[in-house]
């Protein structure tokens, strides 16, 4: 069972179109939702690294960028901020709240971006989600474990972000997500990873949690 309104929201990503928005919905009141991947980790794990250690924190950064993209895909207006500034905001929150989880930090970031949004801000796919399917899958099969983690964490963050905004999603194992994306990308190589992930959410995850 799918809600037409959510399918319409997700179509924003599928069509990779931008929309001017001015309304600022409250994204702070969230129902229970599933947190995937690095979103479950404690904030203190981010503060262990120095800003120059990009290779070290990249899986966390991609998770956060996927989360923000997932929230924005639902037409929630977000201020346009680059990845470095987003990382800085999350790092600052985590430094003050080391026992909070990364998902909480990303949620605070999304709330802040929503408050700071303005008419004219457009939906943006952040991070590796902009890559076409072949390039994205090459990243998932990359030579280094850190690179493989970075690409795997982006869809995990995206799905968590959609759920955090109140869309009812059923629970799915992260390996199952990777399998679905691999199959979809093999048949749709021209799709961007962000579009493929949104299709997965719409077709497989947007169902009542108590039904298979």
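Residues checked against (1) at pLDDT 95 or above; (2) over 11 Å from the mean Cα position of the chain (by Cα); (3) buried (at least 16 other Cβ atoms within 10 Å of the Cβ):
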position	(1), (2), (3)
94	no, yes, yes
124	no, yes, yes
128	no, no, yes
131	no, yes, yes
139	no, yes, yes
143	no, yes, no
151	no, yes, yes
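Between a residue in segment 128-147 that is within 17 Å of residue 179 (Cα to Cα) and any residue that is loosely packed, with under 14 Cβ neighbours inside 10 Å and at pLDDT 90 or above, which pairs come within a Cβ distance under 6 Å, given they are 6 or more apart or on different chains?
133/189; 134/189
With the requirement that a residue be touching a helix residue (DSSP H, G or I) at 6+ places or on another chain (Cβ under 7 Å) and assigned to a helix (DSSP H, G or I), what does segment 183-199 give you?
So in segment 183-199, the residues touching a helix residue (DSSP H, G or I) at 6+ places or on another chain (Cβ under 7 Å) come out as 184-185, 188-189, 191-199.
Answer for segment 183-199, where residues must be touching a helix residue (DSSP H, G or I) at 6+ places or on another chain (Cβ under 7 Å) and assigned to a helix (DSSP H, G or I): 184, 185, 193, 194, 195, 196, 197, 198, 199.
How many residues does segment 130-159 hold that are closer than 23 Å to residue 71 by Cα and out of contact with any helix residue (DSSP H, G or I) (no Cβ under 7 Å at 6 or more places or on another chain)?
1
Going through 6, 68, 13, 90 one at a time, which residue ends up being crowded, with 20+ Cβ neighbours inside 10 Å, modelled with pLDDT under 90 and out of contact with any strand residue (DSSP E or B) (no Cβ under 6 Å at 6 or more places or on another chain)? Before you say what the answer is, go through the steps one by one.
Numbers: 6 fails: crowded, with 20+ Cβ neighbours inside 10 Å; 68 fails: modelled with pLDDT under 90; 90 fails: modelled with pLDDT under 90.
Within the list 6, 68, 13, 90, the selection yields 13.
Given the residues 100, 118, which is the only one that is surrounded by fewer than 14 Cβ atoms within 10 Å (Cβ to Cβ) and either at pLDDT below 90 or touching a strand residue (DSSP E or B) at 6+ places or on another chain (Cβ under 9 Å) (or both)?
118
The values are calculated or read from the model by the stated rules, or taken from the named source; none is laboratory data. Everything quoted here is computed from the prediction, not taken from an experiment. FYI the Cβ positions are ideal-geometry reconstructions off the backbone, even for glycines, and counts take in every protein chain you see.
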